[in-house]
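Structure first, commentary second.
Where a number appears in this text, it was derived from the coordinates with a stated rule and is not lab data. This structure is a prediction, so every number in the text was calculated from the model and none was measured. Cβ atoms come from the backbone with ideal geometry, glycine included; neighbour counts cover every protein chain shown.
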Amino acid sequence: MKTSKLYHPEIFQGNLSKKKYFEGWYYKFVSQDQQKAIAIIPGVALYDENDRHAFIQIIDGVNQHSNYHRFDINEVSFSKNELDFSIGKNRFTSNSATLALEEIKGEIIFPNINPLSSSLLNPGIMGWYSFTPFMQCYHGIVSLYHKLDGQTQGSFGNINWHNGVGYIEKDWGSSFPKCWIWAHSNNFQSDVPASLMASVAHIPWMGNYFPGFIVLLWLDGKEYRFATYNQSKMKCTVDDDAVTMSFMRKNFQLDIKANRGKTSPLRSPILGRMEGKINESIQASLEVTLFESGKSIYSSTASTAGLEVAGDTTILESAEWKS
């Protein structure tokens, strides 16, 4: 039985004959002692018949090392019904990552993922925007929080991933936005497992644009979602040392302060070509507080946080609440 891709954003959404198209997954692995924080991004970049390849980007967040591994597009294989995507000897699924790179070799397993909740009208983190066929970039969350196991070797060292923490998300479309802010961590100093993902971006829309946002705070299975499509409001400011964001929906307010950390360079897609240049930190920290009717119901800090601040974010900033 064929799986509906719309309601399963984790699987490969495109096809290898598309033009001006990219698709990639973001696997984040943090060891139990947080001395190892690695992000691995497998994907495809398809511009035209003469410029199409697969890639695996890798970031060592502790040592600020990054690398871009390019592969022939013929080395790609994938399932049409589940997340099972391979590039050469490297395989990525919803429950494991098998790696054969110079930096890291071996298998990391995570059998108990925590996917985002889904419904008929909200098939993923993008809500009803998932049904819009002309979006520049689509976003999906595969797992908000899961424990890791396994061991790897390579130039990044011998790493024991037992009881580490992982996260998986993805993007697909033609290009990344003109500017954006993205933050994530699931290494919170709290009594319950927690994960936060916040994305604010310039969204082209019918000849104009709007500052769109999708934000999710997950607390041991309970989701607090703030997004453009559910009538939430936001305000944010970007400084040299930190990014401050606040989101409001009904009687809930979520305040986030992301303190910048050292960054590593990454490539980003522009019309299917991996020609953009951004910097990502996996050594940022977050201060997060959730209010209900003005009363704090959750407050914690998070380490080994991912943070990207790309492009001229002036159009995303506002002293007033905006939807």
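The H on the amide N of Ser94, modeled in the peptide plane, is under 5 Å from the matching H of Leu83, each at least 5 residues off or on a different chain. In plain terms, the chain from Asn163 to Glu102 could stretch by 19.6 nm, reckoned as 0.36 nm per residue minus the Cα-Cα distance. With the charge dipole of the chain set up from +1 on Lys and Arg Cβ and -1 on Asp and Glu Cβ about the Cα centre, the Cα lying farthest toward the positive end among the listed residues Ser155, Trp25, Asn15 is that of Asn15.
In sequence order, segment 178-195 has phi-based couplings of 4, 8, 6, 10, 9, 9, 7, 7, 10, 10, 8, 8, 9, 6, 10, x, 9, 8 Hz under the Karplus curve 6.51 cos²θ - 1.76 cosθ + 1.60, θ = phi - 60°, and Gly or Pro positions carry x. Taking the convex hull of the alpha carbon positions in the chain and averaging its projected area over all directions gives 15.7 nm².
Phi angles of segment 239-250 translate, via the Karplus equation with coefficients 6.51, -1.76, 1.60 and θ = phi - 60°, into HN-Hα couplings of 10, 5, 9, 7, 10, 10, 9, 9, 10, 9, 8, 6 Hz per residue; Gly and Pro are given as x.
Here the simple spin-label model places points 7 Å from the Cα toward Cβ, and for Asn251 and Ser79 these points are separated by 4.3 nm. Dipole magnitude for segment 11-166: computed about the Cα centre from +1 point charges on Lys and Arg Cβ and -1 point charges on Asp and Glu Cβ, it is near 220 debye.
Extension gain for Ser4 to Asp33 (0.36 nm times residue separation, less C-alpha to C-alpha distance): 6.5 nm. Here each label is just a point 7 Å from Cα along the line to Cβ, and for Asn95 and Lys277 those points are 4.3 nm apart.
Comparing Gly212, Gly311, Gly294 in a Gaussian network model of the chain (Cα springs below 10 Å), the most mobile by mean-square fluctuation is Gly294.
Taking label positions 7 Å along the Cα-Cβ direction at both Thr314 and Ala242, the computed distance is 2.4 nm, reported to one decimal. Between segment 234-277 and segment 119-138, how many Å separate their Cα centres? Each part reduced to its Cα centre gives a spacing of 21 Å.
For the chain, a Gaussian network of Cα nodes joined below 10 Å ranks Asn208, Asn95, Asn279 by mean-square fluctuation, and the top entry is Asn208.
Mind running the shape call on segment 1-97? Use the C-alpha gyration tensor, a ≥ b ≥ c as the square roots of the eigenvalues: rounded below 1.5 for a/c, prolate if a/b tops b/c, oblate otherwise. Oblate, since a/c reaches 1.5 and b/c is not below a/b. Structural descriptor for segment 5-316: relative contact order 16 percent, calculated from alpha carbon pairs under 8 angstrom and at least 6 residues apart.
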